[in-house]
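Structure, as structure tokens:
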Amino acid sequence: MATLRGRGLALAFLASLLLAAVPSMASSDDFLQCVRDKIPGELVYTQCSSSFAGVLVNYIKNAKFVNTTAKPLCIVTPTDASHVQAAIRCGRGHGVRLRVRSGGHDYEGLSYRSARQEVFGLLDLAALRAVSVDEAASTAWVESGATIGELYYAVAKNNPRLAFPSGECPTIGVGGHFSGGGIGMMMRKYGLSIDRVVDAKLVNANGDLLDRAGMGEDLFWAIRGGGGGNFGVVLSWKVQLVPVPATVTVFNIAKTLEQGAIDILTKWQDVAPALPSELTITVMVTGQQAVFRALYLGECGSLASTMRDRFPELNMTSADCQPMTWLQSAALSFFSFTNSKPVEDVLLPRPASPTTFSKGKSDYVRRAIPKAVWKEIYASWFTMKGAGVIVLEPHGGFMCGVPEDATPYPHRRGVLYVIQYIAYWMSADGGPAATSWLDGFYGFMAHHVTKHPREAYVNFRDLDIGQNALEDDFGAAENARFWGQRYFLSNYEKLAKVKAAVDPTNYFRNEQSIPPMANQPRE
């Protein structure tokens, strides 16, 4: 009896997937009419709208996605939760899926485009950007369409001794960044962004508006690091703010090969994760140098003393110190770690059309890469045509004390650092050399990073590691396990089970979304 019942559940689940995979007989026109009827017309842009192309491109950060493979039927720019609910219900009712964009930094553009031919609508959350700070409780509500630059600015202007641990590029949208984890310069002290999220408001696949209590702890767990575009539309996040000193200290020290860059970098791998948690030193490897960038939550004298004791190889002195407020440090350029503009001019603008083409990948390192390998990397890979950059960000500190399954982001204890690979080019015809370099270098690094699985960071999304089938199938979750475990390790299975519970028909789906785990028959 148990076997028959189990098979019945499995068949019912399969039937639901098959029904979900078949578009409604209603046409795309019916979906568009539904959206127009339920959402103010000025918030909806169809492909016939004169502003459609501008709105679509406005928050794209990668020029190679300007001419997307498949564009949305329409763009809905909600200003209220009811607009999101209406769009989802129209989509469900007329067989049109939705993709959701908050900032446009999506490395594969899956939040606003389809890599293959598919009919879909776009929810662009850029107008949902309010930040409300409760100084007494040291919390803030931030809407998903806000950028982290806007979040940083609102918090610090309310109280300069409060901040939030998040990413380093101010134009990143909060919604996507938090959904994947949120690594940044303060994660060694305060953890990832998701480690400080205490509530959220989400619209699920049925169009219901839920907070943490309403969605339940499993779904609340899943949205904090399980990747964007999987479980519903998170409209806003309640975050716990963290204290910062009145003055922080940064430095930016470049070392060439002649100045010992390889020896210093080799030593950095073991030193950086073990430094006091108030100090984060990242490395950018490019050309024939390594650039060491630091944020220290304290003053220069203490930093210089720590560096003399723990990392004398870098030869950092008080002359390298740049004292400033935490907000000023958040406005520093990602590539140069310097800035001469007012913080408002860096943190608040939302740049328009993209000019740079790029492709990214990621790796995690749990065992230091030998000096001989770094020599080969510099000699062979960073002298090559099309060579890009790699950015190394240390873990350790707070990150070591968080269990692997506390959030979907599992890369915690034992991780020395994460590598971000970036290939970029300035014109469409420059892509072959840059991507050839990236693919070759990534293949070379396979021997020196994590294995079984080779771990990756979901916010540095990479379709090369695997994609879902075009249509749903009963074994989709098992087929996606190969790439899913690279992002989430053993947390992948729980994410797929949460997906089955909250979105069993897989309404929120893209080329690398988490499929629902089918109920397996019990023998």
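The values are calculated or read from the model by the stated rules, or taken from the named source; none is laboratory data. It should be emphasised that the depicted structure is a prediction, and the values quoted were computed from it without experimental measurement. FYI the Cβ positions are ideal-geometry reconstructions off the backbone, even for glycines, and counts take in every protein chain you see. Side chains included, ligands, DNA and RNA excluded: accessible areas come from the protein's heavy atoms. Shrake-Rupley method; radii C 1.70, N 1.55, O 1.52, S 1.80 Å.
Can you find a residue in segment 100-111 that is aromatic (Phe, Trp, Tyr), within 20 Å of the chain's Cα centre (by Cα) and part of a loop (DSSP other than H, G, I, E, B)? Lay out the reasoning, then the answer.
Initially, segment 100-111 is screened for residues aromatic (Phe, Trp, Tyr), giving 107.
Applying the additional criterion that residues be within 20 Å of the chain's Cα centre (by Cα) yields 107.
Cutting the leftovers down to part of a loop (DSSP other than H, G, I, E, B) gives us 107.
Checked segment 100-111: at least one residue is aromatic (Phe, Trp, Tyr), within 20 Å of the chain's Cα centre (by Cα) and part of a loop (DSSP other than H, G, I, E, B).
Of the conditions (1) touching a residue at least 24 places away in the same chain (Cβ under 8 Å); (2) of a type outside the set (A, V, I, L, M, F, W, C); (3) more than 16 Å from Trp141 (Cα to Cα); (4) outside any strand (DSSP E or B), Thr249 fails just one. Which one is it? Evaluating Thr249 over (1) touching a residue at least 24 places away in the same chain (Cβ under 8 Å); (2) of a type outside the set (A, V, I, L, M, F, W, C); (3) more than 16 Å from Trp141 (Cα to Cα); (4) outside any strand (DSSP E or B) leaves (4) as the failure. Pairs are defined by a Cβ separation below 9 Å, a sequence spacing of at least 6 or placement on different chains, a first member in segment 374-393 that is open to solvent by 70 Å² or more (accessible area, probe 1.4 Å), and a second member that is among the small types (Gly, Ala, Ser); the pairs so defined are Thr383/Gly287; Met384/Ala433; Met384/Ser436; Met384/Gly440; Lys385/Ala433; Lys385/Ala434; Lys385/Ser436.
Set side by side, the residues Ala222, Ala154, Ala213 differ, and just one is buried (at least 24 other Cβ atoms within 10 Å of the Cβ) and either among the hydroxyl-bearing types (Ser, Thr, Tyr) or not in a loop (DSSP other than H, G, I, E, B) (or both), which is Ala222. Of the residues that make up segment 177-200, is at least one modelled with pLDDT of 95 or more, surrounded by fewer than 19 Cβ atoms within 10 Å (Cβ to Cβ) and more than 16 Å from the chain's Cα centre (by Cα)? The answer is yes; a qualifying residue exists. Scanning segment 68-112 for residues that are more than 20 Å from Arg350 (Cβ to Cβ) and basic (Lys, Arg), we see that the one that is least open to solvent (accessible area, probe 1.4 Å) is Arg97.
For segment 330-338, the criterion of being open to solvent by less than 70 Å² (accessible area, probe 1.4 Å), closer than 26 Å to Val271 by Cβ and in contact with a helix residue (DSSP H, G or I) (Cβ under 6 Å, 6 or more places away or on another chain) is met by at least one residue. Scanning segment 410-437 for residues that are among the aliphatic types (A, V, I, L, M), surrounded by 19 or more Cβ atoms within 10 Å (Cβ to Cβ) and part of a helix (DSSP H, G or I) yields a single hit, Ala434.
Here's the yes/no breakdown for (1) basic (Lys, Arg); (2) more than 29 Å from Leu416 (Cβ to Cβ); (3) part of a loop (DSSP other than H, G, I, E, B):
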| position | (1), (2), (3) |
| --- | --- |
| Gly167 | no, no, yes |
| Pro170 | no, no, yes |
| Gly176 | no, no, no |
| Gly182 | no, no, yes |
| Lys189 | yes, no, no |
| Asp195 | no, no, no |
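Considering only segment 272-291, I want to know if a residue exists there that is of a type outside the set (Phe, Trp, Tyr), in a helix (DSSP H, G or I) and surrounded by 16 or more Cβ atoms within 10 Å (Cβ to Cβ). Among the residues of segment 272-291, at least one is of a type outside the set (Phe, Trp, Tyr), in a helix (DSSP H, G or I) and surrounded by 16 or more Cβ atoms within 10 Å (Cβ to Cβ), which makes the answer yes.
Screening Gly232 with (1) touching a residue at least 12 places away in the same chain (Cβ under 8 Å); (2) open to solvent by 10 Å² or more (accessible area, probe 1.4 Å); (3) at negative phi gives one miss only, at (3).
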